[in-house]
Amino acid sequence: MAVNFSFKDKYKFDDLVEIVRILREPGGCPWDMEQTHQSIRENFLEETYEVIEAIDTNNKDLMQEELGDVLLQVLMHSDMARTDGWFTIDDVANDICQKLIIRHPHVFGDISVSSTGEVLKNWDDIKRQTKKQRTQSEAMAAIPAVYPALMKAQKVQEKAKKAGFDWNDAEGAFLKIDEETKELKEALAKGDKNAVEDELGDLLFSAVNVARFCDCEAETALDKATKKFMVRFTITESLAKEKGIDMKTASLETLDELWEEAKKQK
């Protein structure tokens, strides 16, 4: 039996809310009805990454499509919450509206600001007040545990900086990299696997500190470096094939020459 739904040439947000409700209620889609917050958790993450991919490639059509997929995830979770009696999509909208109004007193209140820096400082101060975070340690603890490691490290360091715990300049961060590199080498020489992991973590954490002073996102920088490596490796592999070189048995000198040639191409 067909559902009670008005088909249109152009749908709006309320129509999407209604479609999700229909899919998840009796007579709807068996798969949608079976889903839980946990079962579609990874879907949310995947769809978010696909939006990022569309942004990075400046693909406007794909961005529109993928934002719709993310919006679907928001509505799925909201509808599950509705049926459990937790909250509705209207409650979600109300919360973010309230948050935006409270955290923009220079727009919706009588606070004056003269720079983006002041806006960010006010945002952070208001955020800590509304979340009842009295210290930067409490703000650190509120950073989501599921963040990628580099992103989380940078967020933690930014919280420490706001408490006054930071290097005066980039030189201190660079010196720390030298120190941690030395300690990692010492741990490797001793063959202590736990110490190696510990020191490697310290080295990576120090590299994130440098990223902050360079005004770069460590996560983004590493992602770009990885993509660059993939492109150059592909070229290196092609060059080796053209020259009849077996990369598995070739000397490091030969591989390095191929790599340098690849770098000139890309």
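The values are calculated or read from the model by the stated rules, or taken from the named source; none is laboratory data. Not measured: the values here are computed from a predicted model. Cβ: placed from backbone, ideal geometry, glycine included. Neighbour counts: every protein chain shown. Heavy atoms of the whole protein, side chains included, go into the accessibility calculation; ligands, DNA and RNA do not. Shrake-Rupley method; radii C 1.70, N 1.55, O 1.52, S 1.80 Å.
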- Note on the structure: Among residues of the range 145-158 being among the aliphatic types (A, V, I, L, M) and not in a helix (DSSP H, G or I), the residue least open to solvent (accessible area, probe 1.4 Å) is Ala145
- Query: Quick one: which helices (runs of 4 or more DSSP H) sit completely within the range 159-266 and have at least 3 residues that are under 23 Å from Tyr147 (Cβ atoms) and hydrophobic (A, V, I, L, M, F, W, C)?
  - Reply: 193-213, 218-242
- Note on the structure: With criteria (1) under 27 Å from Asn209 (Cα atoms); (2) open to solvent by 80 Å² or more (accessible area, probe 1.4 Å); (3) in a loop (DSSP other than H, G, I, E, B), Asp110 comes up short on (1)
- Answer with yes or no whether Lys193 is out of contact with any Pro (no Cβ under 7 Å at 6 or more places or on another chain), closer than 24 Å to Gln136 by Cβ and at pLDDT 95 or above. no
- Just a yes or no: is a residue in the range 49-60 open to solvent by 80 Å² or more (accessible area, probe 1.4 Å) and either touching a strand residue (DSSP E or B) at 6+ places or on another chain (Cβ under 6 Å) or aromatic (Phe, Trp, Tyr) (or both)? yes
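Filter the range 75-90 down to residues that are open to solvent by 70 Å² or more (accessible area, probe 1.4 Å) and not polar (S, T, N, Q), then give me how many there are.
So in the range 75-90, the residues open to solvent by 70 Å² or more (accessible area, probe 1.4 Å) come out as 82-84, 86-87, 90.
Of the ones still in play, those that are also not polar (S, T, N, Q) are 82, 84, 86-87, 90.
The qualifying residues number 5.
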- Task: Take the range 214-266 and flag every residue that is open to solvent by 70 Å² or more (accessible area, probe 1.4 Å) and basic (Lys, Arg).
- Result: Lys224, Lys227, Lys228, Lys241, Lys243, Lys248, Lys263, Lys264, Lys266
- Note on the structure: Among the residues of the range 1-48, the number that are touching a residue at least 60 places away in the same chain (Cβ under 8 Å) and either in a loop (DSSP other than H, G, I, E, B) or loosely packed, with under 14 Cβ neighbours inside 10 Å (or both) is 0
- Restricting the range 101-115 to residues that are at pLDDT 95 or above and β-branched (Val, Ile, Thr), which is nearest to Ala139 (Cα to Cα)? Ile102
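Output the number of residues of the range 76-88 satisfying the condition of being part of a helix (DSSP H, G or I) and over 15 Å from Glu18 (Cβ atoms). Reasoning before the result, please.
Pass one, the range 76-88, residues part of a helix (DSSP H, G or I): 76-83.
Adding the requirement that they be over 15 Å from Glu18 (Cβ atoms) leaves 77, 80-81.
Counting residues in the range 76-88 that are part of a helix (DSSP H, G or I) and over 15 Å from Glu18 (Cβ atoms) gives 3.
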- Query: Quick one: is Asp91 of a type in the set (Asp, Glu), touching a Ser or Thr at 6+ places or on another chain (Cβ under 9 Å), under 24 Å from Lys127 (Cβ atoms) and not in a loop (DSSP other than H, G, I, E, B)?
  - Reply: yes
- Top-ranked residue in the range 132-144 [being assigned to a loop (DSSP other than H, G, I, E, B) and open to solvent by 80 Å² or more (accessible area, probe 1.4 Å); ranked as farthest from Pro105 (Cα to Cα)]: Arg134
- (1) without any contact (Cβ under 8 Å) to a residue 24 or more places away in the chain; (2) out of contact with any Asp or Glu (no Cβ under 7 Å at 6 or more places or on another chain) all hold for Ala173 apart from (1)
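Assess whether Val146 counts as being out of contact with any Leu (no Cβ under 8 Å at 6 or more places or on another chain), over 17 Å from Arg212 (Cα atoms) and not charged (D, E, K, R).
In short, yes.
With Gln129, Gln64, Gln98, Gln73 as the choices, which residue is at pLDDT below 95 and not in a loop (DSSP other than H, G, I, E, B)?
On the way: Gln64 fails: at pLDDT below 95; Gln98 fails: at pLDDT below 95; Gln73 fails: at pLDDT below 95.
Of Gln129, Gln64, Gln98, Gln73, the one residue that is at pLDDT below 95 and not in a loop (DSSP other than H, G, I, E, B) is Gln129.
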- Message: I need every pair where a residue in the range 89-114 that is closer than 29 Å to Leu75 by Cα has its Cβ under 7 Å from the Cβ of a residue that is small (Gly, Ala, Ser), sequence separation at least 6 or different chains.
- Response: Ile89/Ser78; Val92/Ser78
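Hey, could you check the range 202-229 for residues that are among the basic types (Lys, Arg) and within 17 Å of the chain's Cα centre (by Cα) and say which is nearest to Glu186 (Cα to Cα)?
Step by step, filter the range 202-229, then rank; the result is Arg212.
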